[in-house]
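Worksheet: the structure to be examined is printed underneath.
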Amino acid sequence: MIDPSGVAFIFFDLDDTLLDHRAAERAALADCHATFNHHFNGHSLSVIQDTYHAGNVPLWRKYAAGEIGREDVQRLRFERLCSTLSLDLDATLLGTTYLERYGAHWQWIPEAEAAFHAIADHYPVGLLTNGFVEQQQGKLARFPVLRERSEAVVISEEVGVMKPHPAIFAHATEQAGVEPHEILYVGDSLHSDVEGGRAAGWQVAWFRGDGDRDGVLAFDDWTTLRDALDLA
Ligand SMILES: [Mg+2]
């Protein structure tokens, strides 16, 4: 559980916590499927979405481990999709189209916007996100309140390591200017957010999480988090 009086700063994860990255990814692939339909060899949209996602995850893991660079991630995820499904399609063109369409589909997770404002009315807040600088800043430009209300914005590419690396949590703690145990992190990833946050000595609220863990509040409904912070 969370002790509201012991919380002095609240960091939010961005993708799939405040903003619906996964829906934007799927919608962007749907747009690509519609645009290049005759090049997709009759593969259904869901096969394309699942294949893309399955290929993207290990690439991000290699990127996080410093084994490949950001350009490799951006290039290889579409080269792999094309080769896995034997698509007669220019992977670079597909990647460019995807990024354009991905940016067109960003939206808030339902209820997250109101909760973010309610929490920011009572606590200093910040953003701590894994991702590419340009892309994450594009999201902040699209939803300016995210930056306007945040006292600290930490993007992994700027720091040089990704969550759950201890150095990015140490950097974020310094930015917050409070003790680690006074920080509450709101995020959806078990590995990056929950394990990373706990290892840094932060309290954690795990969006769409399951299971009880010490120092972690799992919640599906933003009202639960607001209640836990006495903001109902
Ligand atoms: Mg996330």
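There is at least one residue in the stretch 128-135 that is assigned to a loop (DSSP other than H, G, I, E, B), modelled with pLDDT under 95 and over 23 Å from V178 (Cβ atoms). Listed by first and then second residue, the pairs with beta-carbon distance under 7 Å, at least 6 apart or on different chains, first residue in the stretch 120-142 and within 21 Å of E174 (Cα to Cα), second away from the ligand (no atom under 16 Å from the Cβ) and not in a strand (DSSP E or B), are A120/R149; H122/L231; Y123/V7; V125/I119; V125/R149; G126/Q175; G126/A176; V133/E158.
Checking the conditions here, which among E157, E113 is in contact (Cβ under 8 Å) with a residue 24 or more places away in the chain, in the same structural domain as D188 (by TED's automatic domain parsing), acidic (D, E) and touching a Gly at 6+ places or on another chain (Cβ under 8 Å)?
E157
Could you tell me which residue of the stretch 181-196 is surrounded by the fewest Cβ atoms within 10 Å (Cβ to Cβ), considering only residues that are touching a residue at least 40 places away in the same chain (Cβ under 8 Å) and of a type outside the set (S, T, Y)? Only one residue fits best here, namely H181.
Exactly one residue out of V204, V186, V216 is within 13 Å of the ligand (Cβ to nearest atom), closer than 16 Å to D3 by Cβ and in contact with a Lys or Arg (Cβ under 9 Å, 6 or more places away or on another chain), and it is V204. Here P124 passes the criteria (1) open to solvent by 30 Å² or more (accessible area, probe 1.4 Å); (2) closer than 30 Å to V178 by Cα; (3) out of contact with any strand residue (DSSP E or B) (no Cβ under 9 Å at 6 or more places or on another chain) except the one numbered (3). Can you find even one residue in the stretch 30-46 that is at pLDDT below 95, open to solvent by less than 10 Å² (accessible area, probe 1.4 Å), closer than 23 Å to H105 by Cα and not small (G, A, S)? Looking for residues that are at pLDDT below 95, open to solvent by less than 10 Å² (accessible area, probe 1.4 Å), closer than 23 Å to H105 by Cα and not small (G, A, S), one finds at least one in the stretch 30-46, hence yes.
Among the residues here, R26 does not qualify as closer than 22 Å to F207 by Cα and either acidic (D, E) or exposed (fewer than 14 other Cβ atoms within 10 Å of the Cβ) (or both).
Any idea which of V178, V153 is away from the ligand (no atom under 14 Å from the Cβ), surrounded by fewer than 19 Cβ atoms within 10 Å (Cβ to Cβ) and not in a helix (DSSP H, G or I)?
Checking each option against the conditions leaves just V178.
The values are calculated or read from the model by the stated rules, or taken from the named source; none is laboratory data. Here the structure is a predicted model, which is why all the values come from computation and not from measurement. As a convention, Cβ positions derive from the backbone with ideal geometry for all residues, glycine included, and neighbour counts pool all protein chains shown. For the accessible areas, the whole protein counts, side chains as well, though only heavy atoms, and no ligand, DNA or RNA atoms are used. Shrake-Rupley method; radii C 1.70, N 1.55, O 1.52, S 1.80 Å.
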